[in-house]
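> Before I ask anything, here is the structure I am working with.
Please treat every number below as a calculation from the coordinates, not as lab data. The shown structure was predicted, so the numbers you read here are calculated from the model rather than taken from an experiment. Don't worry about glycine lacking a Cβ; one is built from the backbone with ideal geometry, like all the others, and counts go over all protein chains shown.
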Amino acid sequence: MPGKFVVASANNYTVRAIDIALKEEKHSPIVARDGLEAVDLALDQSPNAVFLGVELSGLEGLDVARSLRALDPTEHMPIIFLAENQEQARRVREARLPLTEILTAPYDLADVRARAKAALRAQERIRELRQPAADPMLFAITDPLTRLYNRRYLLHRLAYEATRSVRYKSPLALMLVDVDNLADINHDHGILYGDMVLVEMAQVLKKLVRVSDVVGRCDTQDFMILMPETDEPGAKLLADRTLQTVSQHHFIADKLDLHVTVSIGVACSTGADLTENLALVGRGENALDRAKEAGKNRVEME
């Protein structure tokens, strides 16, 4: 099914390459001259996704993405960053913006077409959630790909659980689960298979947690689990079990059978201080970064 895509890049060669790749699949690319126009076109044209350069005139790519995420009509619109070099790709990764992916030059046009196809699938899921029969409140707090809670709800729930933890002086733990080498999976097997891995991963995590735990997708390849009334030994136990279960799971689709690993960062609080509780995300990210830097497929505690 043909789609509509906004394309914004300061590199004219990149614009032409993306334009050609999209038109080969009968898609309609709409070229923005700068970052400000990219925001306007995303709002006015309701595209299926935005292919977005990192360094743009008017408004830089990361600021464009933040603007789109802050606006209701474009909050769930997929964004594919076009990084001209590894430094730009690093900046995008560090921004940790939800529903974003990265293509790094030189661009593989087959990969561009695959990203466009995946974006169309994501939009279809969003339309399903927006059907009149669907609960509008559910749509507002649901990640369209995995059907888990989204980052907005997770942070809202963290604030609630943090306050409750202090009131009752009960421990609180947070776990971040990052799919190792997802970019390589997307490159080697296609974005659609990468999406399948994320959907299947969501189901694996849901089966591991307790009823009182809260699991959601907080980034392109990151999942978050909030664990009320869970101390450090209890959080470590779940993290170790998650690591083992995922590594033994078969991710099967279209005759592919892949083993996937995850890196896990865990942060814990005794519930003595509200500030400490609200800092759990940052501490969890620090632990996750250590796990990835130490070789991945491991658990780090903070």
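> If r is the Cβ-Cβ distance from Gln248 to Val199 and R0 is 22 Å, what FRET efficiency results, to the nearest 0.05?
Computed FRET efficiency for Gln248 and Val199: 0.75.
> Right, here's the next one. With a/c under 1.5 counting as rounded, go ahead and sort region 4-129 into rounded, prolate or oblate using the C-alpha gyration tensor (a ≥ b ≥ c being the square roots of the eigenvalues; past the cut-off, prolate if a/b is larger than b/c, else oblate).
It is rounded, given that a/c, with a ≥ b ≥ c, falls under 1.5.
> Here's another thing I want to ask about it. Less than 28 Å apart at the alpha-carbon level, and either on another chain or at least 8 residues along: which lysines does that give for Lys296?
Leaving aside lysines fewer than 8 places away in the same chain, those within reach of Lys296 are Lys206, Lys207, Lys236, Lys255.
> State the extension gain, in nm to one decimal, for the chain segment bounded by Ser212 and Arg290, taking 0.36 nm per residue of separation less the distance between their alpha-carbons.
Once the chain is fully extended between Ser212 and Arg290, it gains 25.3 nm.
> Still on this model: Let me make sure I get this right: for region 151-301, a, b and c are the square roots of the gyration tensor eigenvalues over alpha carbons, sorted descending. Under 1.5 in a/c it's rounded, otherwise prolate if a/b > b/c, else oblate. Which is it?
prolate
> What is the order of Met227, Met301, fewest Cβ neighbours within 10 Å to most?
Met301, Met227
> Return the whole-Å distance between the Cα centroid of region 199-247 and the Cα centroid of region 250-288.
Value for the Cα centre distance between the two parts: 7 Å.
> What's the extension gain from Glu25 to Leu43 if we count 0.36 nm per residue and subtract their Cα-Cα distance? It would help to have the intermediate numbers written out before the result.
Working: separation 18, 0.36 × 18 = 6.48 nm, distance 2.35 nm.
Contour length minus the Cα-Cα distance gives 4.1 nm.
> Using all Cα-Cα distances in the chain, what percent lands in each 20 angstrom bin from 0 up to the longest?
Taking all Cα pairs of the chain, the binned fractions are 33, 57, 10 percent.
> Okay, moving on. For a quick protection proxy, order the peptides 68-76, 168-176 by their average other-Cβ count within 10 Å, most packed first. The partial results should precede the final answer.
Working: 68-76: 15.2, 168-176: 21.6.
Highest to lowest by the protection proxy: 168-176, 68-76.
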